[in-house]
Amino acid sequence: MMAWIAGLGFGLPCVYAIRYLADRGVVWTFLGFPTYGHGPFERIGITTTVPLLVMFLIVCASEVVVGWLLWSQQGLGLVVALALLPFEFAFWIGFSLPVGPILGIVRTVLVVGVMVAARRTQIGAGA
């Protein structure tokens with residue numbers, strides 16, 4: 001569920017942000033805050049561009065896929081979730097999206113906890 005919240009919560013606004021940036025040439029501002037801009041990326045010289053936002057949208061879509069893998073209890077879900085996490089963190093921090101890292105950490109702790117519990121149950125049942 002956390003994966004879907006992160007993927008859709010950041011991905012859907014990103015679709016609008018891509019269109020806004022492409023049409024107007026400036027980063028979309030929501031409630032007085034620049035979305036996907038004026039964060040650490042820009043401070044180190046990485047300006048917000050349509051290709052950068054498209055890459056973030058791909059990461060968000062991947063997060064939705066991770067949510068599906070985890071929901072359907074695919075073993076690959078944990079592997080993909082952990083592999084995707086560094087990319088998510090790079091964008092969340094780069095765009096100053098403070099809720100993202102919280103969602104990512106909570107999701108990872110919950111998924112690892114469930115996997116450890118499942119493994120213990122399997123080991124206990126086999127003994």
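The values are calculated or read from the model by the stated rules, or taken from the named source; none is laboratory data. Note that the coordinates shown come from a computational prediction; the quantities given were computed from them, not determined experimentally. Cβ sites come from the backbone with ideal geometry, for glycine too, and all protein chains shown count toward neighbours.
On the basis of being under 19 Å from the mean Cα position of the chain (by Cα) and among the acidic types (Asp, Glu), does GLU63 make the cut?
yes
Can LEU84 be described as within 30 Å of HIS38 (Cβ to Cβ), in contact with a helix residue (DSSP H, G or I) (Cβ under 7 Å, 6 or more places away or on another chain) and modelled with pLDDT of 90 or more?
So LEU84 passes the test.
Considering only region 96-108, I want to know if a residue exists there that is outside any helix (DSSP H, G or I), closer than 18 Å to ALA3 by Cβ and among the aliphatic types (A, V, I, L, M).
yes
Whether any residue in region 25-38 is of a type outside the set (S, T, N, Q) and within 17 Å of the chain's Cα centre (by Cα) is what I want to check.
The answer is yes; a qualifying residue exists.
What's the number of the only condition in (1) of a type outside the set (Phe, Trp, Tyr); (2) under 23 Å from VAL111 (Cα atoms); (3) surrounded by 12 or more Cβ atoms within 10 Å (Cβ to Cβ); (4) in contact with a Gly (Cβ under 9 Å, 6 or more places away or on another chain) that MET1 fails to meet?
(3)
Name, by its number, the condition in (1) among the small types (Gly, Ala, Ser); (2) surrounded by fewer than 20 Cβ atoms within 10 Å (Cβ to Cβ); (3) closer than 17 Å to PRO98 by Cβ that does not hold for GLY37.
(2)
Any residue at all in region 24-31 that is modelled with pLDDT under 90 and closer than 14 Å to TRP4 by Cα?
Looking for residues that are modelled with pLDDT under 90 and closer than 14 Å to TRP4 by Cα, one finds none in region 24-31, hence no.
Answer yes or no: is there a residue in region 26-40 that is part of a helix (DSSP H, G or I), free of Cβ contacts under 8 Å to residues at least 12 places away in the same chain and not hydroxyl-bearing (Ser, Thr, Tyr).
No, that holds for no residue.
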